[in-house]
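Notes follow the structure.
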Amino acid sequence: MTMPRPPAPPVKPVTRGPSHALIGGVVVLVVALIAVLVWAATRDAGELGASGSGAALPDGGGVSVGAGLEADVPQIRIYEDFQCPWCGVLERSVGEALADKIEAGEVNVTFQIMSFLDGSLRNDSSTRAANAALCADDAGAFVAFHGAVFANQPQQEGTGWTDEQLVGFGRDAGISGEALGTFEQCVADQPHADYVADMQTRANQDGVTGTPTMFVNGEKITDEEMNRLMQDPSALDGVLAAHP
């Protein structure tokens, strides 16, 4: 007698899709890629002046610090050369008060750093100091470094500064640790030299032939106002109020 054939065992379907581990790995890679793209985009947005310096404006437009360019505060533009003795007088007079206003967000200041005195003084200290200032901005210490350079202007115009002195000003400005090593290399390599030249070109295009020159809310302050600022630190508020 023939026995009936038992039913065939059920066949489990074969899944050929990716494993959970593989899917998880792909998700991690995608998230990482997005993070890299966002980082690159924000970095490029910050490098406004093609100098690498986050506060540098495009097309040699200077270093902008304090409140934003669109903020409802006095908008100040200062044209200066680090080797200019009168620029040093201005900085030593109102520099601290201006730095306090920058820190408090009460003003926006764009420093248009020129380097024309290199030609007449037959050195390159204006260019190297301007590059070092942008290196200091990379380290978040532009304003403090700016003040340190002018505080240490040589008594003899044209003496200039060595790289070692510029690095010392960075240290005085609070740059330390690994950031100081990066700053020192930046001072030596001068990666911002092209932007420094662009700032001088922009100043020429703006028709500025002497330093210091200051504009407040687009108006050039008078020679009398400049003399007051150089002689009396308390004159700053009055000069700003005169150019609403």
Self-check item: Matching residues, the stretch 124-167, being part of a loop (DSSP other than H, G, I, E, B) and under 24 Å from GLY66 (Cα atoms)
Solution: ALA139, GLY140, ALA141, ASN152
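Report those strands (runs of 3 or more DSSP E) wholly inside the stretch 58-122 carrying at least 2 residues which are within 18 Å of MET226 (Cβ to Cβ) and modelled with pLDDT of 95 or more.
It comes to 75-81, 108-114.
Yes/no matrix, rows are residues, columns are (1) among the small types (Gly, Ala, Ser); (2) in contact with a strand residue (DSSP E or B) (Cβ under 7 Å, 6 or more places away or on another chain); (3) farther than 27 Å from GLY119 by Cβ:
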site	(1), (2), (3)
ALA148	yes, no, no
ALA151	yes, no, no
GLY158	yes, no, no
SER176	yes, no, yes
ALA179	yes, no, yes
PRO191	no, no, no
THR209	no, no, no
MET214	no, yes, no
ILE221	no, yes, no
Quiz item: What pairs come up if the first residue lies in the stretch 204-223 and is in contact (Cβ under 8 Å) with a residue 60 or more places away in the chain and farther than 20 Å from GLU70 by Cβ, the second is open to solvent by less than 20 Å² (accessible area, probe 1.4 Å) and in a helix (DSSP H, G or I), and their beta carbons are under 6 Å apart, counting only those six or more places apart or on different chains?
Solution: THR211/CYS87; PRO212/CYS87; PRO212/LEU90
Exercise. Can you confirm whether the stretch 112-120 contains a residue that is among the small types (Gly, Ala, Ser), open to solvent by 10 Å² or more (accessible area, probe 1.4 Å) and over 19 Å from GLY210 (Cα atoms)?
Key: no
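This table checks each residue for (1) in contact (Cβ under 8 Å) with a residue 60 or more places away in the chain; (2) surrounded by 16 or more Cβ atoms within 10 Å (Cβ to Cβ); (3) of a type in the set (Lys, Arg).
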residue: GLY88; (1), (2), (3): yes, yes, no
residue: ASN108; (1), (2), (3): no, yes, no
residue: ASP124; (1), (2), (3): no, no, no
residue: ARG128; (1), (2), (3): yes, yes, yes
residue: LEU134; (1), (2), (3): yes, yes, no
Quiz item: Of GLY147, GLY158, which residue is over 15 Å from VAL63 (Cβ atoms) and in contact with a helix residue (DSSP H, G or I) (Cβ under 9 Å, 6 or more places away or on another chain)?
Solution: GLY158
Self-check item: Residue list for the stretch 151-196, restricted to those being more than 17 Å from ASP124 (Cβ to Cβ) and buried (at least 21 other Cβ atoms within 10 Å of the Cβ)
Solution: GLY170, ALA173, ILE175, PHE183
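The values are calculated or read from the model by the stated rules, or taken from the named source; none is laboratory data. Every value quoted in this text rests on a predicted model; they were computed, and no experiment measured them. Please note: Cβ atoms are built from the backbone with ideal geometry, for glycine as well, and neighbour counts cover all protein chains shown. When the accessible area is computed, the model is the full protein with side chains, heavy atoms only, and any ligands, DNA or RNA have been set aside. Shrake-Rupley method; radii C 1.70, N 1.55, O 1.52, S 1.80 Å.
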